[in-house]
There are 4 protein chains.
Amino acid sequence: MVREASALGARRLQATEGVLPHSVVTEGTRGRILDAALRLFAEAGYAGTSIREIAAASGVQSASLYAHFPSKEHILAELAKIGHNEHHRALRAALLESDPSPANQLAAVVRAHVLMHTELSMLAVVSNTELHSLSPEMAAPVMATRDSSVQLIQEVIQRGVDLGAFDPPHVWLAVAAIGAMGIRVANWFTSDFELGAEEVADVYAEFALRIVNSQDR
Amino acid sequence: MVREASALGARRLQATEGVLPHSVVTEGTRGRILDAALRLFAEAGYAGTSIREIAAASGVQSASLYAHFPSKEHILAELAKIGHNEHHRALRAALLESDPSPANQLAAVVRAHVLMHTELSMLAVVSNTELHSLSPEMAAPVMATRDSSVQLIQEVIQRGVDLGAFDPPHVWLAVAAIGAMGIRVANWFTSDFELGAEEVADVYAEFALRIVNSQDR
Amino acid sequence: MVREASALGARRLQATEGVLPHSVVTEGTRGRILDAALRLFAEAGYAGTSIREIAAASGVQSASLYAHFPSKEHILAELAKIGHNEHHRALRAALLESDPSPANQLAAVVRAHVLMHTELSMLAVVSNTELHSLSPEMAAPVMATRDSSVQLIQEVIQRGVDLGAFDPPHVWLAVAAIGAMGIRVANWFTSDFELGAEEVADVYAEFALRIVNSQDR
Amino acid sequence: MVREASALGARRLQATEGVLPHSVVTEGTRGRILDAALRLFAEAGYAGTSIREIAAASGVQSASLYAHFPSKEHILAELAKIGHNEHHRALRAALLESDPSPANQLAAVVRAHVLMHTELSMLAVVSNTELHSLSPEMAAPVMATRDSSVQLIQEVIQRGVDLGAFDPPHVWLAVAAIGAMGIRVANWFTSDFELGAEEVADVYAEFALRIVNSQDR
DNA sequence: AATGAATGAGAGTTCATTCAT
DNA sequence: CATGAATGAACTCTCATTCAT
C-alpha cells in the first residue's frame, strides 16, 4: 500500500496542527503573526506567501505587521530560529537523560529527532526548506545551530565507533542518512498514521542502530 | 567534521552541474528555457524565480517563453515530469538488471535511487520540493509516477519479507526511511565529495540492507 | 448643413464638460479616479483605456487605484451604476412633478431623458456603450435599472393609449424610438449648439408627442 | 413588457447572423478574416478584440493576417468602409426608386435606413460605434460617406419643408432624431422579434413622417 | 498598536507586429 | 500564403514597504 495520498495536489506536509512549541509565547498579535506565517510558509513556501496573506490570517492589516517585525524576512528568521533551537534543545535534553552507552545515546537522540519532526512538523518543514530564502547574515545563526545539531549526532556515532560499539561504513554518511530519514517524517506524519509518534520514533531509532551496526540493540 | 558549509547563506543544493538528463532533448530555445528554469528553480524555488529571470538566463525576451510554454507553471510541470520519469525509469532498469535475490534487488534499486540524486541533483531537488506549486491537475500525473516509484521499492522489500530474507520492524516505514535518505543526497552531494557517487550509492545500499535486516549482505 | 464635424477623427462625443453629477461625492482620490476614468472611457472606451492612464489622469500611481477599487471593471461598474441611477432618478422626478395628463407626462419624461443626456453626456455615453464590458454579474444591477427606466416610459405611453390620448402604431417601437433619439443626443450635444439644452429637450418632447400621435399637444 | 433582455450580461446586439453584405466578396481567407473580425468587433469592440482572436476565428495564425491587411486598424477601416458604403448605397437606391413626393421620399429613405440596420446589424453596430478607434486619416473617407448620408436625409426633409409638405420644429434635430432611432434598431433587432424587418421599417417610416408632421401620410 | 492610503518595482501574461522559412 | 518564433511595449494587478494619523 502506498501511503502518501495523491489527492488534492501535492501537499508539503500532511499535518494541520502542532504549530508552535509551547515554550514560545504565542499570545498577542505577535504570536498570531508567527502562527499564521508558519502555517502559510509551510503550505506555500516563503516566496509563495505574501505579507497581506499573513496579515489577513492574523486578523490585522498588512501595515500592522511592521509594528512587530521589521520585514517579512525577519518573520521567517524568527520561525527558523525557534525551529532549530527547539530541535537542538530536544537533542541535547535527550542526550542528557540517556544512559551513557552509545546505543542508548543514539536511540535517545534519534527518538528526539523524530519526535520533534512529528510534533512540530510545520516548524520543521519551514526551518528545513526555507532557509535559502534568508540572507546569509540572517541565516548564519540558524545554520550555526543546525550545524551544532548535526555535530551532536555525529559525536554520538563517532564515540560509538571509537568504543567499538558501532561499525558504520562511513560515519558522516551515517549521520546524513539518519538525519535525512528523520527530517522527512515531518512531511508525511499525521495523528491519523497507523502508528503513534512514539512508535515511529522507536522504529526509526532501531533503523539508526542498524545503520551503524550497533552490537547492542 | 560537519559537511554542509555555512558560508554564503543556505544553499538548497551544492551541485552546480548535472542539469537535465541526456535522454531528453535539450536543443533549441525550448531546451535552453528548461535548463535555465531548472537551475533557477533549484536555487531560489519556483515562487522565488521570475519569468523574466528565466528568460534572461535563456537568452530571450520574457514574451518568447510563451511561444514554448503556455505558462510558468507548465515549465515546472515539464521539469517535474522529466525528473520523476527519469527516476522511475532508473529504478525499473536497475530492478530488471539485478539478480532475483531480494538483497540484490534492494541494493540495485537503492543504488539507482541514490545515483539519480547525485547525477541529476537539480532535477531531483526541484521535482521533490516544488511539486506543491503545481495545481492539483498539473501535479496529478507526476504524483502518479512518484507513487509508482514508492510502490516499486515497497514491493521489493515486501517480497524480501515474504521470502524470509528481510525483517524490518515496519515495511512502509522502511520504505519511507530508505527513500528519504536517498532524496536528501541531492542536497549535499558534489563531485568534490570525498567519495564518488558510486561509492556513496554503495554505502546507502548497505544502509538499506541493514535497515531491513537482510540476512544476505 | 451637416453638423457632426469631421475634423480630428471621429469623436464619441463632443462635450468636454459635465462629468459627474453633483449628487455623487467627487472629493478625494476616489472621486478623482472616477472623474478621470469617466473622461477616458468616454473618449477611448473601456478596453481602449489603460489603468495607468486613469492613474496618471487622477494624479496617483496605478497601484494606488487598487486601494479604492478592486479592479478596473469595478470602476466602470460604479460609473455605470451612477449613470443609470441618475437617469432613472431624473425620469421619476419628472413624472412626479408633471400634470397627470398623458401628454404632459410624456413630454416631462422625454425632456428629463434628453436633459440628462445633454448635462451628463459623458456619463450617458459610457453607461450606454460600455455595459458589454462588464461581466454578467456586475452588469446585472445596472441593467435592472435600465430596464426599469424603459418600463417607466413604456407605462406612460401605454397609459396614454389606454386613455385614448395616444395612438402609436406600436407601443414598444415607440418606446424604442423615443429612447434612441434621446440617447444619441449625448453624442453630439455641446453648449456651442445653436439651441440650448432646454430648447433641444422641448423639440424632442414634441417629436415624442408626434410619434405617439398625441391628441393634445 | 420590457424587451431588452437582461440575461447573460449586456450584449451590444442581439443578432447573431447577417454579417457581411452579399455584394462584398467573402470568399477566401481575406473574407473569413473580415467576417471573423466583424463578429468579434461587434461583440467586444475593436480595442477589446485581439489580433490573435481574429486569427483563431479565421482559422489561421495571427501572422497570416498581415498577408491580407497591413494592420489591425486596416481591418476595422475596411469594415467601416463597407458598412457606410452599403448604408449610403441603400439610401440612394431608395431615393431613386421612390415617387418624387417628399412623404414618399422620406418614407423610402427611412425604410432603407432601418432595413440596413436590421439586415446588417453587426456591420452597422461596428461602423457606428468603433469609428473613434480609427486614426483621423483612416476615419476621414468613412466619415465623408457618413456625412453624405446624413446630408441626403437632410435634403429630403428640407425639400419637404420648402415645398410646404413638412413642418418639423427644427430640421437638423429632425434629421438627428430620425437617424438615431434607426441606428439603434441594430442593437435590438433579431429575426425573433414579433414584427419582421419590413414591418419595423414601415413603423419607423411612419414615425419619421409624424416627426416632420407630414401633411400627406 | 493599528490603520488606510500611497508608492515604485515587479509579477505573469498579452499585445500588435516582424521576419526568415 | 502561411507559419512558428521572436520581439519590445504594454497590459492588469500584486509585491513589500512607508507614513501620517
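Based on what the data block shows, is C:VAL114 under 17 Å from D:ARG11 (Cα atoms) and touching a residue at least 60 places away in the same chain (Cβ under 8 Å)? Here the answer is no, as C:VAL114 does not meet what is asked. Checked against the criteria, D:ARG111 counts as outside any loop (DSSP other than H, G, I, E, B), charged (D, E, K, R) and within 24 Å of D:ARG210 (Cβ to Cβ).
Please work out if C:ALA77 is under 23 Å from C:SER127 (Cβ atoms), crowded, with 16+ Cβ neighbours inside 10 Å and touching a residue at least 12 places away in the same chain (Cβ under 8 Å). Answer is yes for this residue. C:ASP99 fulfils the conditions (1) part of a loop (DSSP other than H, G, I, E, B); (2) touching a residue at least 60 places away in the same chain (Cβ under 8 Å); (3) more than 14 Å from DNA strand E (Cβ to nearest atom) except for a single criterion, (2). Scanning the range C:47-60 for residues that are out of contact with any Lys or Arg (no Cβ under 9 Å at 6 or more places or on another chain) and over 20 Å from C:GLU130 (Cα atoms) yields one hit, C:ALA56. Taking the listed residues B:VAL125, B:VAL150, B:VAL171, the one that is in contact (Cβ under 8 Å) with a residue 12 or more places away in the chain, surrounded by fewer than 21 Cβ atoms within 10 Å (Cβ to Cβ) and in contact with a Lys or Arg (Cβ under 8 Å, 6 or more places away or on another chain) is B:VAL150, with no other qualifying. Checked against the criterion of being under 22 Å from C:ARG39 (Cα atoms) and assigned to a loop (DSSP other than H, G, I, E, B), the range C:86-93 contains not a single residue that satisfies it. Taking the criterion of being within 11 Å of DNA strand F (Cβ to nearest atom), more than 14 Å from chain D (Cβ to nearest Cβ) and part of a helix (DSSP H, G or I), the residues of the range C:52-85 that qualify are C:ARG52, C:ILE54, C:ALA55, C:ALA56, C:SER62, C:ALA63, C:SER64, C:LEU65, C:HIS74, C:ILE75.
Using the structure shown, decide if B:ALA93 is out of contact with any strand residue (DSSP E or B) (no Cβ under 6 Å at 6 or more places or on another chain), closer than 30 Å to B:ALA205 by Cα and more than 8 Å from DNA strand E (Cβ to nearest atom). For B:ALA93, the condition - out of contact with any strand residue (DSSP E or B) (no Cβ under 6 Å at 6 or more places or on another chain), closer than 30 Å to B:ALA205 by Cα and more than 8 Å from DNA strand E (Cβ to nearest atom) - is met. Within the range D:36-73, the only residue that satisfies the criterion of being hydroxyl-bearing (Ser, Thr, Tyr) and touching a residue at least 60 places away in the same chain (Cβ under 8 Å) is D:TYR46.
Residues are listed down the side, and each one gets a yes or a no for (1) modelled with pLDDT of 95 or more; (2) part of a helix (DSSP H, G or I); (3) at the interface with chain D (Cβ under 10 Å from one of its Cβ atoms):
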{"site": "C:LEU115", "(1), (2), (3)": "yes, yes, no"}
{"site": "C:HIS132", "(1), (2), (3)": "yes, yes, yes"}
{"site": "C:ALA144", "(1), (2), (3)": "yes, yes, yes"}
{"site": "C:SER148", "(1), (2), (3)": "yes, yes, yes"}
{"site": "C:GLN151", "(1), (2), (3)": "yes, yes, yes"}
{"site": "C:GLY164", "(1), (2), (3)": "yes, no, no"}
{"site": "C:PRO169", "(1), (2), (3)": "yes, no, yes"}
{"site": "C:ALA174", "(1), (2), (3)": "yes, yes, yes"}
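For the range A:26-51, filtered to residues that are in a loop (DSSP other than H, G, I, E, B) and among the small types (Gly, Ala, Ser), the residue that is surrounded by the most Cβ atoms within 10 Å (Cβ to Cβ) is A:GLY45. Filter the range A:178-211 down to residues that are of a type in the set (Gly, Ala, Ser) and under 15 Å from the mean Cα position of the chain (by Cα), then give me how many there are. Within the range A:178-211, residues that are of a type in the set (Gly, Ala, Ser) and under 15 Å from the mean Cα position of the chain (by Cα) number 6.
Of all the numbered requirements in (1) surrounded by fewer than 18 Cβ atoms within 10 Å (Cβ to Cβ); (2) under 29 Å from B:ASP216 (Cβ atoms), B:GLU137 misses one, and that requirement is (2).
Taking the range D:176-217 as the search range and keeping residues that are more than 20 Å from D:THR118 (Cβ to Cβ) and without any contact (Cβ under 8 Å) to a residue 40 or more places away in the chain, which one is nearest to the other protein chains (Cβ to nearest Cβ)? Looking at the filtered set, the residue picked out is D:ARG210. Looking at D:ALA63, is it surrounded by 19 or more Cβ atoms within 10 Å (Cβ to Cβ) and either within 13 Å of DNA strand E (Cβ to nearest atom) or of a type in the set (A, V, I, L, M, F, W, C) (or both)? No, not satisfied.
Scanning the range D:7-50 for residues that are within 16 Å of DNA strand F (Cβ to nearest atom) and within 14 Å of chain C (Cβ to nearest Cβ) returns D:ALA44, D:GLY45, D:TYR46, D:ALA47, D:GLY48, D:THR49, D:SER50.
Residue check: C:SER71 meets all listed conditions (1) within 16 Å of DNA strand E (Cβ to nearest atom); (2) more than 30 Å from D:VAL125 (Cβ to Cβ); (3) of a type outside the set (A, V, I, L, M) but one, namely (2).
The values are calculated or read from the model by the stated rules, or taken from the named source; none is laboratory data. Worth saying up front: this structure is predicted, and the values here are computed from it rather than measured. Here Cβ is always computed from backbone atoms with ideal geometry, including for glycine, and neighbour counts include all displayed protein chains.
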